[in-house]
Every structure is written in C-alpha cells, then in structure tokens.
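Reading through the structure tokens given below for one structure.
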Amino acid sequence: MTSVKEFRVEREPTPDSLGRGSFVFTDDYSVFDWGKMPDTIPDKGASLCTMGAFNFERLEEEGIPTHYRGVVSDGEVVPLSDVTEPPTEMAIDLTQVPNLPREGRDYDYDLFHSGADDNYLIPLEIVFRNSVPVGSSLRRRTDPEDHGLDFPEWPDGAVQLEEPAVEFSTKFEESDRYLSRSEADEIAGKADVDELERIAHEVNDFVTRQAAKADLTHEDGKIECLYYDGEIRVADVVGTFDENRFTFHGQQVSKESIRQYHKREQTEWVDAVRDAKVEAKERDVADWKSLCSVEPQPLPDGVITAARDLYTAGTNAYVDRDLFDAPSLEDAVMAIKNL
C-alpha cells in the first residue's frame, strides 16, 4: 500500500525471478509528503492508471524496458486499446524491495543491497527538469551557469532549460534528499547511474513530445526503476499528473494545482509541515509527521469537482481518447484557475 495505490500480489519475487502482481489505483491523493489526505478525488485513480498504461506501452514500443504487463479488465490482462472504460488496475512484474535499516536519519544501504541480489527496486528517484520555476529547490542548490545559462543569478520568473537537468534523490528515506552523483552511484548498487540518467532522458523526451500533441507543456517529472539480471527497467508509474508537472498555456495541469491551493488556503498546515521537517532534521528524527501539530482540512466540494475535471480532461487530451465524461481541457483549466 502506498498513499494513492494498493498492491495485489499473485506471485512473490525471488532473488532470481520476478514476481507477478498489480497496482490498484485509488482516488486518494497526497501532497507535501503527508500521505493520504482527508478527501478523495473521483476518477483520479483511473486517470493515473490510464496515463501510466499509455506511457508504458509507448515506451516499450520505443525499446525502453518496463515492468508493465497490461491493464486489468474483467479479470483479464489486456492492452489499453482493448478497454472501453477507464481502468483502475495495472498488471506488473514485481521485484524485491529489501528492508532499509536506519538509526535516526542514518540509513544502511550496505545492508539493503546485501539482501537485494540481482533483483531489486533501485532505492532512487531519478528527477528530470525541463524548466526551473520560482520556488524550485534547484535554485537553492545550483547556479544558472551549472545548466549552461548565461545569467549571473536566477531571474524572478520561470526559466526554460536548453537541456533537461537530471538529478537523483532518495526514495525510501522518511524525507527525500537530493544526492551527489557519487552518492547516487553508491546507493544504486549494481545499477549504473549513467544508464539511469540515459533512460530518464529518453522517458522525458517521450513524455514531452506526447504532451505537446495535446498542447501541454511538460515541465518536470521523475522515474523509478528496478534492476533485474543486469537490466534496468522502468517501474512504478510514468508520466501522470501526479508524477509529473504539466502546464496548459501557463496554468498547472497536475497535482501541483492542488498543492498550490493548500498553500493559499491552508497556510497554517503547510507551515507546520515545513517546520516539522526542519525540526526533525535538527533532532535527527526520521518521523517528521510525529512533530507536526496541525492536521490538513478537507477540500470544499467545488475544489474536488474542479480537480476531478482537470485530471480526467487532461487524460483524455493526453491519450487522445474520450475515455472519461469530462469537459474540454480548456474549460477544466479555466475552472481550476478561477478557484
């Protein structure tokens, strides 16, 4: 179980073989690493499943290995093109996820890999960025010249990168942290970071091209990968409105729109989350949520409806099929913009 999807396991993976199972996508959502929020967003799970399946199938066609096997319809595993209703279950190959021991905020990756063998989920998120918006952590951690930009300092507005930037961050730690290349190489185990970077660029290139067909701008995203028998395969879910940020003529079409709503309307909770994370780091405590004194509040009905329409209209446009009963993407974007 994650904050937005559940696992079904048909066959457990072993040190020398992949297992079989599926993701079941729920309508839950998560922002600011909180986990499950008080509300659900109708059809959100089907949106993520549809976009993820579409992307996996196209990536496989382009020669990029993945753990995807199909979507589940009436108990059968079929390609997305065979369904007439939006799916909520995705069939996948399963890999091992060894335990990552920790003491406070110190994590033992040597022990993680001692149980990984040649079949494991790489404990990294590979992040790619096509732009650097205001507020991006990249502005704090790097200078414009690091990205080939001829600016003495970061300008006030968003900056489009001439070449996508790829970074590595932790996956299984309580709070994600960005890594140097050497740190990422060590944490990746037998998986090669150069190969991980190459795959991230290829995935980013595909999602960017596909988004442009729907008049969407792909701003950034991430992938997760597994390592099996010497091969890296793209895992988890790729190119959805939760994993990636898209804009439509400058307006957010992703989970970012909900995140920004919380920043405007639930500032007390957002500030408490930030302070708890800072305090946890200072006290060397992994569980920052135990230090947070404020709980998130439910969203108004109008916000939930607008978010649902944004997910479904965006999915229809991206996959170029009217799978969902949804308004046009332009109307959905206008509704979320007016909140």
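The values are calculated or read from the model by the stated rules, or taken from the named source; none is laboratory data. In this text the structure is predicted, and so the values were computed from the model without any measurement. All Cβ positions, even for glycine, are placed from backbone atoms using ideal geometry, and neighbour counts span all protein chains on display. The protein model used for the area step is the full one, side chains on, heavy atoms only, and it has no ligands, DNA or RNA in it. Shrake-Rupley method; radii C 1.70, N 1.55, O 1.52, S 1.80 Å.
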Meets criteria (assigned to a helix (DSSP H, G or I), within 27 Å of Val207 (Cβ to Cβ) and charged (D, E, K, R)) for Asp309: yes
Per-region count, region 244-260, residues in a loop (DSSP other than H, G, I, E, B) and closer than 19 Å to Tyr29 by Cβ: 4
Residue in region 219-241 that is polar (S, T, N, Q) and open to solvent by 30 Å² or more (accessible area, probe 1.4 Å) present: no
Residue in region 239-250 that is more than 30 Å from Pro98 (Cβ to Cβ), touching a Ser or Thr at 6+ places or on another chain (Cβ under 7 Å) and of a type in the set (Lys, Arg) present: yes
Hey, Ala272 out of contact with any Phe, Trp or Tyr (no Cβ under 8 Å at 6 or more places or on another chain), part of a helix (DSSP H, G or I) and either more than 23 Å from Ala46 (Cα to Cα) or of a type in the set (A, V, I, L, M) (or both) or not: yes
Residues within region 27-60 that are open to solvent by 20 Å² or more (accessible area, probe 1.4 Å), more than 18 Å from Met90 (Cα to Cα) and acidic (Asp, Glu), tallied: 1
Qualifying positions in region 173-184 - in contact with a helix residue (DSSP H, G or I) (Cβ under 8 Å, 6 or more places away or on another chain) and either open to solvent by less than 70 Å² (accessible area, probe 1.4 Å) or touching a residue at least 60 places away in the same chain (Cβ under 8 Å) (or both): Glu174, Ser175, Leu179, Ala184
Which listed residue is hydroxyl-bearing (Ser, Thr, Tyr) and either open to solvent by 70 Å² or more (accessible area, probe 1.4 Å) or modelled with pLDDT under 95 (or both), from Tyr311, Tyr261: Tyr261
Candidates Phe241, Phe172 - the one that is part of a loop (DSSP other than H, G, I, E, B), in contact with a Leu (Cβ under 6 Å, 6 or more places away or on another chain) and under 27 Å from Ser22 (Cβ atoms): Phe172
Matching residues, region 185-204, being in contact (Cβ under 8 Å) with a residue 40 or more places away in the chain, open to solvent by 60 Å² or more (accessible area, probe 1.4 Å) and in a helix (DSSP H, G or I): Glu186, His201, Glu202
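Each row is one residue, and each column tells you yes or no for (1) in contact with a strand residue (DSSP E or B) (Cβ under 8 Å, 6 or more places away or on another chain); (2) assigned to a loop (DSSP other than H, G, I, E, B); (3) under 17 Å from Trp34 (Cβ atoms).
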| position | (1), (2), (3) |
| --- | --- |
| Val234 | yes, no, no |
| His262 | no, no, yes |
| Glu268 | no, no, yes |
| Ala276 | no, no, yes |
| Gln297 | no, yes, yes |
Selection within region 105-126 - open to solvent by less than 30 Å² (accessible area, probe 1.4 Å), more than 30 Å from Thr315 (Cβ to Cβ) and assigned to a loop (DSSP other than H, G, I, E, B): Ala116
Pair list, Cβ under 8 Å, 6 or more apart: region 97-110 residue closer than 18 Å to Ser169 by Cα, other residue hydrophobic (A, V, I, L, M, F, W, C) and part of a strand (DSSP E or B): Val97/Leu121
Which listed residue, of Val24, Val77, Val71, is assigned to a strand (DSSP E or B) and open to solvent by 40 Å² or more (accessible area, probe 1.4 Å): Val77
